[in-house]
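**Student:** I have a structure here, written as structure tokens, and I will follow up with some questions on it.
Read-outs: derived from the displayed coordinates by stated rules, not from any lab. Since this is a predicted model, take the numbers as computed values, not measurements. Don't worry about glycine lacking a Cβ; one is built from the backbone with ideal geometry, like all the others, and counts go over all protein chains shown.
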Amino acid sequence: MHGKEENGFVVLKLNDGEDLFGCLKRAIGEFGIKSGIIVSGIGMLRDIEIGYFQDGAYEWKTYEKPHELIAFHGSISTAGEEVIHIHCGLAGPEHQLIGGHLNSAKVCVLNEILIRKFETITFERVLSESSGLKELRIS
């Protein structure tokens, strides 16, 4: 992973075989990201686990083969528990789209990711009794 920061934006380039979430956690520490928005990401992923939330629980599916990263966005919160919450859209070799809540993935070939870092806005994840999810609290 290689990255640079300018005016509150962090640009990352991830390399083939790297663990996506491992790199994002390294970037959180390296660039002092306390709260942020993952604005975009392009490239390819493999060994992907994505979920769909239904009836109070996630249904997980895995995809080993490489998929093009079509949409990639989320939030980063480190107040209390560190949470990287990402949703993605992926296109497989047959040009069919899949997507959902990203749980894990490895970089295939490369990824280019843009993060907007906040200095005075704080994100925290708090368990909601109504949804059963750790929902974003903004302060």
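**Student:** For segment 33-62, give me each residue that is touching a residue at least 60 places away in the same chain (Cβ under 8 Å), at positive phi and under 15 Å from the mean Cα position of the chain (by Cα).
**Tutor:** Within segment 33-62, just GLY43 meets the criteria.
**Student:** Is it true that some residue in segment 73-84 is over 14 Å from PHE123 (Cβ atoms) and of a type in the set (Gly, Ala, Ser)?
**Tutor:** Scanning segment 73-84 turns up no residue that is over 14 Å from PHE123 (Cβ atoms) and of a type in the set (Gly, Ala, Ser).
**Student:** Pairs needed: first member in segment 1-22, aliphatic (A, V, I, L, M); second member anywhere, loosely packed, with under 14 Cβ neighbours inside 10 Å; C-beta distance under 6 Å; at least 6 residues apart or different chains.
**Tutor:** The qualifying pairs are VAL11/LYS4.
**Student:** Please verify whether ALA71 is among the hydrophobic types (A, V, I, L, M, F, W, C), surrounded by fewer than 19 Cβ atoms within 10 Å (Cβ to Cβ) and either touching a Leu at 6+ places or on another chain (Cβ under 9 Å) or farther than 20 Å from ASN15 by Cα (or both), treating the condition exactly as stated.
**Tutor:** Answer is yes for this residue.
**Student:** Check whether at least one residue in segment 18-31 is over 22 Å from THR120 (Cα atoms), aliphatic (A, V, I, L, M) and in a strand (DSSP E or B), and report yes or no.
**Tutor:** No, segment 18-31 contains no residue that is over 22 Å from THR120 (Cα atoms), aliphatic (A, V, I, L, M) and in a strand (DSSP E or B).
**Student:** Out of all the residues in segment 54-61, is one or more touching a strand residue (DSSP E or B) at 6+ places or on another chain (Cβ under 8 Å), surrounded by 14 or more Cβ atoms within 10 Å (Cβ to Cβ) and not hydroxyl-bearing (Ser, Thr, Tyr)?
**Tutor:** Scanning segment 54-61, I find no residue that is touching a strand residue (DSSP E or B) at 6+ places or on another chain (Cβ under 8 Å), surrounded by 14 or more Cβ atoms within 10 Å (Cβ to Cβ) and not hydroxyl-bearing (Ser, Thr, Tyr), so the answer is no.
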